[in-house]
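Heads up: the structure comes next, in structure tokens.
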Amino acid sequence: MATGGFQNIFKIPELKRRIVFTLFMLAVYRVGVHVPTPGIDAVALASFFARAKGTLLGLFDMFSGGALERLSVFALGIMPYISASIILQLLTVVIPHLERLSKEGEQGRKKITQYTRYGTVLLSIIQGFAISVGLESMTSPGGAPIVISPGWGFRLMTVLTLTSGTAFIMWLGEQITERGIGNGISLIIFAGIVARIPTATGNSFRLLSTGEMSAFVLLIILIMMLVVIGVIIFAEQGQRRIPVQYAKRVVGRKMYGGQSTHLPLKINTSGVIPPIFASSIIMFPATLASFMSFEWMQKVAAAMTPGNFFYETLYVGFIFFFCYFYTAVTFNPADVADNMKKYGGFIPGIRPGKRTADYIDKVLTRITLGGACYVSAICVLPSILVQQFNVPFYFGGTALLIVVGVAIDTISQIESHLLTRHYDGFLKKGARIRGRR
């Protein structure tokens, strides 16, 4: 690392202001995680969640940064917003009106964002009501009721509190994206996962001191996590470079073009979006089932437990789907081929136009398959191994992928701010961090 990399941050007032604003917004989020929802027996709820470690509720609690375990005002987390975003993106493909909006630039994007907000509120109301009803029938292992005063008053208060909390998180994420540094929604999930690391580390050492976990098992887990982090960093920086040649052309008295360059296609174009979207899709019905007392819904919740074959198969299927879907939404080979043709660019051995678009699409399809396999392996295999070692927290491949991926994206944005103002970045020349976008 360049010694002046971090010092240069404070030489740019705008960048410093953005970073301070981002940290402040994340601090506000972490404070809200500790604000409890009215009408809940905190001790009984903590006893109930002590049994949920390693289950889907434990996974959901990881994404909410511990807010669900406390049933705080942020208990629903950002997942309703992500679910609404998924629904809107899927509907964009099948509804002509939404497709037109997506092509109208900034105004269309604002309209779709507004629809996403409405969807977020609606999903939050549904989830909040289901959770409030489920909590009324739940007790701690000792038999103590979790809800102090059940009834419609508690249900309405819980729905209002949880929906308001999710709306506030959504606003925080948008503010970070616009006025801070990095992607706000991803950083909120990142902050929630990272905030759990000290507690998880303390629990591991506690088990080590009591003899419930051997030093060898802890060492294997640490080595496995370091290897996974290394693989993630390597794969996230991986590219398939397609050579592009630009023909010489004369404009007035000057000659332009003639240079060789390349079109970089990332192995994992969609980044951390597939595991986040896949988790959100699975969590929405499974969380509702976990809080319901019906027998068939309890069976659904049991089948959706991380480590279960049905859950992992469904999870991998959704990851593959969203890898291809998000790549198709964000990268259009036909547009790239048209732009290349417009400026006199071509791929050696490939005719410009449709042939170029087909070639780029073929290459992109192949590397997306590799990227989907990589993301699936990172998300599924470590989580299964961690469960076999009986680790007292859920910190599998999904969490590592999100933490490392978001960190790379955020650092790359800071790097871009430094380089555009002619300051040294974090890394030495020739070793720049490539962001996902």
TODO: Look at region 12-57 and say how many of its residues are at pLDDT below 75 and not in a helix (DSSP H, G or I).
DONE: 5
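Determine, yes or no, whether Tyr118 is at pLDDT 85 or above, in a helix (DSSP H, G or I), hydroxyl-bearing (Ser, Thr, Tyr) and surrounded by fewer than 21 Cβ atoms within 10 Å (Cβ to Cβ). Walk me through it before giving the result.
On the way: at pLDDT 85 or above: yes; in a helix (DSSP H, G or I): yes; hydroxyl-bearing (Ser, Thr, Tyr): yes; surrounded by fewer than 21 Cβ atoms within 10 Å (Cβ to Cβ): yes.
Spelling it out, Tyr118 is indeed at pLDDT 85 or above, in a helix (DSSP H, G or I), hydroxyl-bearing (Ser, Thr, Tyr) and surrounded by fewer than 21 Cβ atoms within 10 Å (Cβ to Cβ).
Of all residues in region 138-149 being in a loop (DSSP other than H, G, I, E, B) and at pLDDT below 75, which is surrounded by the fewest Cβ atoms within 10 Å (Cβ to Cβ)? Spell out how you get there, then give the answer.
If we filter region 138-149 for residues that are in a loop (DSSP other than H, G, I, E, B), which is where we start, we get 138, 140-144, 146, 148-149.
Keeping just the survivors that are at pLDDT below 75 gives 138, 140-144.
On the way: Met138: 15, Ser140: 18, Pro141: 10, Gly142: 9, Gly143: 7, Ala144: 13.
Looking at residues that are in a loop (DSSP other than H, G, I, E, B) and at pLDDT below 75, I get Gly143.
Taking only region 348-361 into account, find how many residues are in contact (Cβ under 8 Å) with a residue 12 or more places away in the chain and either touching a Ser or Thr at 6+ places or on another chain (Cβ under 6 Å) or not aliphatic (A, V, I, L, M) (or both). Please lay out each step first, then the result.
We begin by selecting, within region 348-361, every residue in contact (Cβ under 8 Å) with a residue 12 or more places away in the chain; these are 348, 352-354, 356-361.
Filter once more, keeping what is either touching a Ser or Thr at 6+ places or on another chain (Cβ under 6 Å) or not aliphatic (A, V, I, L, M) (or both): 348, 352-354, 356, 358-359, 361.
Going through region 348-361 one residue at a time, the tally reaches 8.
Residues of region 329-350 being farther than 14 Å from Thr261 by Cβ and either among the basic types (Lys, Arg) or not in a loop (DSSP other than H, G, I, E, B) (or both), which ones? If you could, list the steps in order and put the result at the bottom.
First pass over region 329-350, keeping only residues farther than 14 Å from Thr261 by Cβ: 329-335, 337-338, 341-342, 349-350.
Correct list: Val329, Thr330, Pro333, Ala334, Asp335, Ala337, Asp338, Lys341, Lys342.
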Task: Evaluation of Arg100 against (1) modelled with pLDDT under 80; (2) of a type in the set (D, E, K, R); (3) out of contact with any Pro (no Cβ under 9 Å at 6 or more places or on another chain); (4) farther than 20 Å from Glu178 by Cβ (one fails), failing number - done: (1)
Task: Residue list for region 87-114, restricted to those being under 24 Å from the mean Cα position of the chain (by Cα) and among the β-branched types (Val, Ile, Thr) - done: Ile87, Thr92, Val93, Ile112, Thr113
Open item on the list: Show me the helices (runs of 4 or more DSSP H) entirely contained within region 150-227 in which 3 or more residues are β-branched (Val, Ile, Thr), out of contact with any His (no Cβ under 7 Å at 6 or more places or on another chain) and loosely packed, with under 13 Cβ neighbours inside 10 Å.
Closed with: 197-210
Open item on the list: Looking at region 200-223, I want the residues that are within 20 Å of Leu381 (Cα to Cα) and have a partner that is of a type in the set (S, T, N, Q) with Cβ atoms under 9 Å, at least 6 apart or on another chain. Which pairs are those?
Closed with: Val217/Asn390; Leu218/Ser204; Ile221/Ser204
Task: Qualifying residue in region 99-109 (condition: closer than 19 Å to Thr161 by Cα and out of contact with any Ser or Thr (no Cβ under 7 Å at 6 or more places or on another chain)) - done: no
Open item on the list: Suppose we keep only residues that are surrounded by 17 or more Cβ atoms within 10 Å (Cβ to Cβ), closer than 29 Å to Phe277 by Cα and modelled with pLDDT of 85 or more within region 329-350. Which one would you say is nearest to the chain's Cα centre (by Cα)?
Closed with: Pro333
Task: Unique residue being more than 24 Å from Asn183 (Cα to Cα), in contact with an Asp or Glu (Cβ under 7 Å, 6 or more places away or on another chain) and small (Gly, Ala, Ser) when the list is Ala130, Ala144 - done: Ala144
TODO: Taking only region 351-364 into account, find how many residues are surrounded by fewer than 17 Cβ atoms within 10 Å (Cβ to Cβ) and not in a helix (DSSP H, G or I).
DONE: 2
Open item on the list: Any residue that is out of contact with any Leu (no Cβ under 8 Å at 6 or more places or on another chain), of a type in the set (A, V, I, L, M) and either surrounded by 12 or more Cβ atoms within 10 Å (Cβ to Cβ) or not in a helix (DSSP H, G or I) (or both) - is there at least one of those in region 100-114?
Closed with: yes
Open item on the list: On the basis of being at pLDDT 75 or above, assigned to a loop (DSSP other than H, G, I, E, B), at positive phi and surrounded by 22 or more Cβ atoms within 10 Å (Cβ to Cβ), does Gly77 make the cut?
Closed with: yes
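The values are calculated or read from the model by the stated rules, or taken from the named source; none is laboratory data. Not measured: the values here are computed from a predicted model. Neighbour counts run over all protein chains shown; Cβ positions are idealised from the backbone, glycine included.
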